[in-house]
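Notes for the one structure printed next.
The values are calculated or read from the model by the stated rules, or taken from the named source; none is laboratory data. It should be emphasised that the depicted structure is a prediction, and the values quoted were computed from it without experimental measurement. Cβ placement follows ideal geometry from the backbone for every residue including glycine, while neighbour counts extend to all protein chains displayed.
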Amino acid sequence: MRGTLNVKSENRNTRDGFSHSSSYVFRVILSWRFIPVLVAVLVLVPVGTVILSFLTPAGGVWQHLVETILLRVLLNTFWLALGVAVCSALLGVSLAWFTAVYDFPGRNIFSWGLLLPLAIPAYVLAFVTLGLFDFTGPVQTSLRSWLGAELFWFPNVRSRMGVIVVMTLSFYPYVYLLARNAFLTQGKRSLEAAQSLGLNRTQGFLKVALPMARPWIASGVMLVSMETLADFGTVAVFNYDTLTTAIYKAWFSMFSLSAASQLASLLIVIVFALIVIEQQFRSRMRYAETKQSSRAPLIILTGWHSWVVAGFASATLFFAFLLPITQLFIWATHTFAEEFNQLYLGFLWHSLILSGLAALLICSVALLMVYSARRHPDMVTRIAVRIATIGYALPGVVLAVGIFIPIAWLDNWFSKMAMQLFSIETGLLIQGTLVVMLIAYMIRFLAVGHNPIDSAMQRITFNIDEAAMGLGLNGWSMLKRVHLPILKGGIFTAVTLVFVDVMKEMPVTLMTRPFGWDTLAVRIFEMTSEGEWEQAALPAVALVLAGLIPIALLTRQAEK
Amino acid sequence: MLRIYFSRYLVAIFSCVALFGANFSYAEEVVVYSARIEKLIKPMFDAFTKDTGISVKFVTDNAGVLLTRLKAEGKNTPADMLITTDAGNLWEAAREGLLEPIESKTLEANIPTHLRDPKKQWFGLSVRARTIVYNTRKVKPAELSTYEDLANSKWRGRLCLRTSKKVYNQSLVAMMISEYGKTRSEKIVRGWVANLATDPLSDDTKAMELVAAGKCDVTIVNSYYYGRLLKKSPSLPLAIFWPNQAESGVHVNISGAGVTKNAKSKHAAVRLLEFLSSEKAQNLFADVNMEYPVNPKIKPDPAVMAWGSFKQNQLNVVAAGELQTEAVKLMDRAGYR
Amino acid sequence: MNIPLLELANINQTYGNHVVINNLSLTLNKGVIGCLLGSSGCGKTTVLRCIAGFEPIEAGEILLNGVKVNSSGFSLRPEHRNIGMVFQDYALFPHLTVASNIAFGLHRIHHIECALRVKEMLQTVSLADVANNYPHELSGGQQQRVALARALAPRPDLLLLDEPFSNLDVNLRERLSLEVRDILKSQGTTAILVTHDQNEAFAIADEIGVMHHGEIIQWDTAYNLYHRPSSRFVANFVGQGVFLSGRVLDSRHVETELGVLTVDVSHLHASDSRVRGEERNVVDVLVRPDDIVYDDESSLHAKVLHKAFRGGEILYTLRLPGGSTALSLVPSHHNHAIGDNIGVKLEADHVVAFRQTVP
């Protein structure tokens, strides 16, 4: 906290400007500084709880894992994470570029439609895709009956490639959304400058637009990678063994929480490595555009070019959204009469209110963190921010337990104190409250809220701050009047992503929900845990539809 | 309508935020942590409440998570009862000292010995038989005999199996270890793996669908999955075979329950447990999921009866828990994913 | 035959109903620095963007080195025109260092040649010591020079500068505009500058076109624009001055309060049917502040209404005996208080006159 004093003049302007303003501002800033550290500590508690179990001997289980499955699982995880990251980047960036710069048939629809897959949980997409394209699915079955032959050429859907494709279709919107945001706001000026220097549009894209959008793309890919590493549902549907499935196995099948924790620690190490890589991508570049040039007209594609692009976007939308949602709808109509009851209003309401509250909390905290990191770009804050956003990469169930154990401990301690001091039977006070649930969501999803806001903040130059200070704005008034309007897009993106993610979330919801607080995701869990995927279609459809609301708002905002 | 909902939940939120909402304790109430999902357990709870006036509050989650939760909450846990869908997790809960031994003549009368804990800490409530399902066009019942026979090379490329990560298969192998020893069991599992027509599947239904589609000829599933699938598509060329009838019998697992060590309403919890083993509740178990009741006085669902009767393996299901870790290690070694 | 480097022939462009460029033509020879001068919204930037190829034109043609690059329906891609551009906001690539920014347009040549050229350009714009910095680490003036160097590095046939100094403070602006002229001349570059600041235009350009409502009103040298404006608009727009009412004596002489002036009034006699009789002989004469000089001996006395100190000179606003107002630029050691009467006299070999606007 006293780091302020150590900081040299690498950013003379802001720091001096602020510290001399008034003691009030100084105090506010000091409190800002605490926020990332505080949140990091909060996140470190569950992570620490998990890592601490590393110290308890896992005995034969760990040894067994090392001898039998660990290497395969690590390789699987590596290839999966790499494959999904690369494919999501390619798909997300190319679609973002096409819809941001070119005009082609259906562009208006695609520009928001391509976000829709966000609303479908990856495990649902996995099951539906597998159901449709696997050996017993309608596609292969009809092909076999038409051709009257075995389809040896048909790719094996239950394979590494299959998981990568499904996860890519499910996660690319993170990259799409952030990259598109970058392309839309980075201004056409730079592209024109490149053209005036003799580069054609493709070269301009590769040498100017793409590098300038790099922080956005990097943070999108980072979200995708973290989500991939943490995923259990999708890989379980494909029976593809990753580090996460190994954690489940060690814990739930071999009753070895310590072996599970050791695997989880390994996962944390991988995430830190990823973070270091992402940092390399950002290095010392600053991406502020001094001025947004007026929106240049879209480049109109004609002839076969336009149809290739439209076809590409359609195919993505079809496989990532239309096909699965249609299948879900068909299943839901089968099960509607049996499955639907008045409880659903409650599920829906719980899903919405939890997602809404969590989104507000997480994005507020993320905003404060980003702001604080901007004011104090020193090591302590940077590391704190990094730690605070690591929860997203941990399998939900590991994090859920990591959160639950310290809370139960705290609860028991309270209870003991109350008994000793006042002889009152308090029971468990904290656990099973919404507060715990929201904090758990925050620990889990802070990265989702943080990344878009952080990327947007890169836009605001220190000159803007100085200009605002010159006009007598500082502290909160500067945040409110200068930064918030500029950050609006990033904040809106963050709120939407968090909202949808919380709505889809299972393990944390299951473990921390108060009695009776079942959500749509809980309903899906119940159905799928018994293998009744068709029964799960109704809550899944409800969940997708509810998730579409913020996405629709987001796209409207993005188009403005 | 919406407004009523809204204000009600607003009150709920505020009371929760004030850190009090969730843990009021009412007089006659049992709190259950259930790995059995709402649809398969709520009818029994409702019947219990109707009979006794005691209300039942419950949360559902993975058994492993519920165990961890019980352990972390310790003395102050709100839970009076734990329900799982396998013996392994109950055994683990008992080993961790989370369950209380219950002396009850009713339970002992209603539940056969091999389906409850010898130390009386947990009791089976329904039976889940893990059996063989085959493609009627490609396999004659006479070709089938035992689980271990599926390791025979005549089944090369004809077997489909669910993943070894599912507890049902872990229990099956654990019981095999208890019966045949590690060496022979490992040989059997290796034989299965060698005979696989395709990578292990993520669920029983998928495995049966592949059998029906002709990708493979035979698989091992829980009988109620077969029931559910056939209810949906009666024309599938699938049939059940009860293995090991000349030997020790079909492998069975249980869905069961135990009363927690730190239960606040121990008395009511025991009443609930006894109720769940009673004829009334056992009938519900039979109806709700095509499982077999534990209580021998109750007949299964007519559709289930039609599959014929079979000899159950009388080995106590406690072995499924004791040897589960061993079973997982064995399957890992054998390359059974 | 001498082909002009750039030729715009009757180009037109509209946005909806708004005419942005109205039948505009201009010609620029090699090595000449031209300038489009006009207030904001007059269409000057659009002309530049049409030349660069960023905007289509609806009618007319643009020829570069005698080759058609634009006509209605055809537009050569910007990247194939070999035209460099310096943008108002510089549009430096934030992800590249200064050196990489300059090297950006040199992608077609060998890397050794490229490195040499970058070094040369860095020296030309005196930025060698910040070659490895990123744009955001530079001052505004430095960024401006990077933008210039980047545009010049590939040796474009034509350089376009869009309000290149508008983001800079006044001192820097004057210094840099001279520097830029030197650089352009040393490279032999043909260039077109767009600006609303006449001092900037005068400092850099050889030829200046005053634009208004999408038209070039007058294309001429700075001297001529100032002293021989072809229209009342140009007279008003360029430089300062007042109009004094006068009576035409003959084709070369006009009588005003300041005496009889030698004026070329031939162009006034172009018939205007609305003007008849006596009115035909009443004109407005443009008098620049430097046309009226301080003279104690003079019989003509004017009263100081207002004064603006400009260092070396003082700009006095005077009331002439006849009641009209005039401006006078006087060396600053002739310091008078407001309200003083000072002697002035007209000292100009020629002045311009315009017919009085019809009421």
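Here are a few things to note about the model shown:
- Residue in region B:95-109 that is in contact with a Cys (Cβ under 9 Å, 6 or more places away or on another chain) and on the phi > 0 side of the Ramachandran plot present: no
- Hey, B:Arg130 touching a Leu at 6+ places or on another chain (Cβ under 6 Å) and not hydrophobic (A, V, I, L, M, F, W, C) or not: yes
- In summary, A:Ala552 fulfils each of the numbered conditions (1) of a type outside the set (Asp, Glu); (2) surrounded by fewer than 20 Cβ atoms within 10 Å (Cβ to Cβ); (3) not in a helix (DSSP H, G or I) with the single exception of condition (3).
- Only one of C:Ala99, C:Ala201, C:Ala151 that is under 22 Å from C:Leu24 (Cβ atoms) and touching a Leu at 6+ places or on another chain (Cβ under 9 Å): C:Ala201
- The set of residues in region A:128-140 that are surrounded by 13 or more Cβ atoms within 10 Å (Cβ to Cβ) and either touching a Gly at 6+ places or on another chain (Cβ under 7 Å) or farther than 20 Å from B:Pro200 by Cα (or both) comprises A:Gly131, A:Gly137, A:Val139.
- Pairing residues of region A:392-404 that are more than 10 Å from chain B (Cβ to nearest Cβ) and touching a residue at least 40 places away in the same chain (Cβ under 8 Å) with residues that are of a type in the set (Lys, Arg) and crowded, with 24+ Cβ neighbours inside 10 Å, at Cβ distances under 8 Å and at least 6 apart in sequence or on separate chains, gives A:Tyr392/A:Arg444; A:Leu394/A:Arg444; A:Gly396/A:Arg444; A:Leu399/A:Arg444.
- When residues of region A:257-272 are limited to those that are surrounded by fewer than 23 Cβ atoms within 10 Å (Cβ to Cβ) and hydroxyl-bearing (Ser, Thr, Tyr), the one farthest from the chain's Cα centre (by Cα): A:Ser258
- Selection within region B:24-43 - touching a residue at least 40 places away in the same chain (Cβ under 8 Å), of a type outside the set (D, E, K, R), under 25 Å from A:Ala521 (Cβ atoms) and in contact with a helix residue (DSSP H, G or I) (Cβ under 8 Å, 6 or more places away or on another chain): B:Val32, B:Tyr33, B:Ser34, B:Ala35, B:Leu40, B:Pro43
- Of the residues making up region C:101-111, those that are of a type in the set (A, V, I, L, M) and more than 9 Å from chain A (Cβ to nearest Cβ) are C:Ile102, C:Ala103, C:Ile109.
- Region C:326-345: number of residues that are touching a residue at least 40 places away in the same chain (Cβ under 8 Å) and within 27 Å of the chain's Cα centre (by Cα): 3
- Qualifying residue in region B:186-203 (condition: closer than 20 Å to B:Ala239 by Cα, assigned to a helix (DSSP H, G or I) and β-branched (Val, Ile, Thr)): no
- Of the helices (runs of 4 or more DSSP H) lying entirely inside region A:177-290, those carrying at least 2 residues that are out of contact with any Cys (no Cβ under 8 Å at 6 or more places or on another chain) and within 11 Å of chain C (Cβ to nearest Cβ) are A:189-196, A:201-204, A:214-230, A:257-282.
- Checklist (1) part of a strand (DSSP E or B); (2) surrounded by 14 or more Cβ atoms within 10 Å (Cβ to Cβ); (3) at pLDDT below 85 applied to C:Glu279, failing item: (1)
- When region B:63-73 is limited to residues that are closer than 19 Å to A:Val522 by Cβ and facing chain A (nearest Cβ under 7 Å), the one that is surrounded by the most Cβ atoms within 10 Å (Cβ to Cβ) turns out to be B:Arg69.
- Per-region count, region A:371-423, residues part of a helix (DSSP H, G or I) and either closer than 27 Å to B:Glu73 by Cα or in the same structural domain as A:Gln279 (by TED's automatic domain parsing) (or both): 32
- At least 2 residues being more than 19 Å from B:Val221 (Cα to Cα) and within 14 Å of chain A (Cβ to nearest Cβ) is the threshold, and among the helices (runs of 4 or more DSSP H) wholly inside region B:239-337 those reaching it are B:318-322, B:324-333.
- Whichever residue in region B:178-206 is more than 14 Å from chain A (Cβ to nearest Cβ) and of a type in the set (A, V, I, L, M, F, W, C) and, among such residues, is surrounded by the fewest Cβ atoms within 10 Å (Cβ to Cβ): B:Ala194
- Criterion: more than 8 Å from chain A (Cβ to nearest Cβ), crowded, with 24+ Cβ neighbours inside 10 Å, of a type in the set (A, V, I, L, M) and over 28 Å from C:Leu37 (Cα atoms) - qualifying residue of C:Val146, C:Val130, C:Val98, C:Val86: C:Val98
- Those residues of region A:123-134 which are in a helix (DSSP H, G or I) and within 14 Å of chain B (Cβ to nearest Cβ), in sequence order: A:Tyr123, A:Val124, A:Ala126, A:Phe127, A:Val128, A:Thr129, A:Leu130, A:Gly131, A:Leu132, A:Phe133
- Filter result for B:Val218 (within 26 Å of B:Ala334 (Cα to Cα), crowded, with 22+ Cβ neighbours inside 10 Å and not basic (Lys, Arg)): yes
- Set A:Phe110, A:Phe26: member being modelled with pLDDT under 80 and more than 14 Å from chain B (Cβ to nearest Cβ): A:Phe26
- Pick from region A:508-530, criterion touching a strand residue (DSSP E or B) at 6+ places or on another chain (Cβ under 9 Å) and among the charged types (D, E, K, R), ranking: nearest to the other protein chains (Cβ to nearest Cβ): A:Glu526
- Hits in region A:37-69 (condition: away from chain B (no Cβ under 14 Å) and either closer than 30 Å to B:Leu323 by Cα or outside any helix (DSSP H, G or I) (or both)): A:Ile51, A:Phe54, A:Leu55, A:Pro57
- C:Gly43 being of a type in the set (Gly, Ala, Ser) and under 23 Å from the mean Cα position of the chain (by Cα): yes
- Members of region C:346-359 that are of a type outside the set (Phe, Trp, Tyr) and touching a residue at least 40 places away in the same chain (Cβ under 8 Å): C:Leu346, C:Glu347, C:Ala348, C:Asp349, C:His350, C:Val351, C:Val352, C:Ala353, C:Arg355, C:Gln356, C:Thr357, C:Val358
So that you can scan it fast, the table gives a plain yes or no per residue for (1) closer than 22 Å to C:Ser245 by Cβ; (2) outside the structural domain of C:Pro229 (by TED's automatic domain parsing); (3) touching a helix residue (DSSP H, G or I) at 6+ places or on another chain (Cβ under 7 Å):
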position: C:Asp295; (1), (2), (3): no, yes, no
position: C:Gly311; (1), (2), (3): no, yes, no
position: C:Leu318; (1), (2), (3): yes, yes, no
position: C:Val330; (1), (2), (3): no, yes, no
position: C:Asn335; (1), (2), (3): no, yes, no
position: C:Glu347; (1), (2), (3): yes, yes, yes
